[in-house]
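A short worksheet on the structure shown next.
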Amino acid sequence: MIKNIIEDEIVRRLPDLYQIKPDLCRCRECRDDLLALTLQRLPPKYTSRRIGEVFSRLEIENQQWQVDILETMLYAAGIVAEKPHHSL
């Protein structure tokens, strides 16, 4: 199965983002918009085998990757907060 491990990392970091931005809407639509916007701005890390996944996960533990991911999530959160697409 092919997977983009960056998506997993973004989902894993969502609690951190919600702690930084507690007023950010957590509904499914806003969460999906946040994920989509973040994924569009980061280079993908596709893997198809377990060994490739392990190496890629080790690579994204690098401090620069972590900063880039959080910075991109904060950018996306600003857009989602400004123009939410959910129905209330």
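The values are calculated or read from the model by the stated rules, or taken from the named source; none is laboratory data. Quantities reported herein were computed from a predicted structural model and do not represent experimental measurements. No Cβ is skipped: glycine too gets one built from the backbone with ideal geometry, and neighbour counts run over all protein chains shown. These area figures cover heavy atoms from the full protein model, side chains too; ligands, DNA and RNA do not enter into them. Shrake-Rupley method; radii C 1.70, N 1.55, O 1.52, S 1.80 Å.
For the chain, what is the accessible area per residue in Å² when the probe is 1.4 Å?
68
With unit charges on the beta carbons (Lys and Arg positive, Asp and Glu negative) and the dipole taken about the Cα centre of the stretch 23-88, which residue among 60, 70, 30 sits farthest to the positive side?
60
Leaving ligands, DNA and RNA out of it, report the carbon-plus-sulfur percent of the accessible area of the chain at a 1.4 Å probe.
It is 53 percent, rounded to a whole number.
Can you compute the equivalent ellipsoid semi-axes for the stretch 1-49, i.e. the square root of 5 times each eigenvalue of the Cα gyration tensor, sorted largest first and rounded to whole Å?
Ellipsoid half-lengths, sorted descending, are 23, 11, 9 Å.
Report the one residue of 39, 51, 20 whose Cα lies farthest in the direction of the positive end of the charge dipole of the chain (charges on C-beta: Lys and Arg +1, Asp and Glu -1; origin at the Cα centre).
So the residue we want is 51.
Mean 1/r over all different Cα pairs, inverted: what Kirkwood radius does the chain give, in Å?
Working: mean 1/r = 0.0737 Å⁻¹.
Result for the chain stands at 13.6 Å.
Let me know the charge dipole size of the chain about its Cα centre in debye, to the nearest 20, where only the beta-carbon of Lys, Arg (+1) and Asp, Glu (-1) is charged.
240
Round to the nearest 10 and give me the degree value, 0 to 90, for the angle of helix 28-41's Cα axis relative to the longest principal axis of the chain.
50
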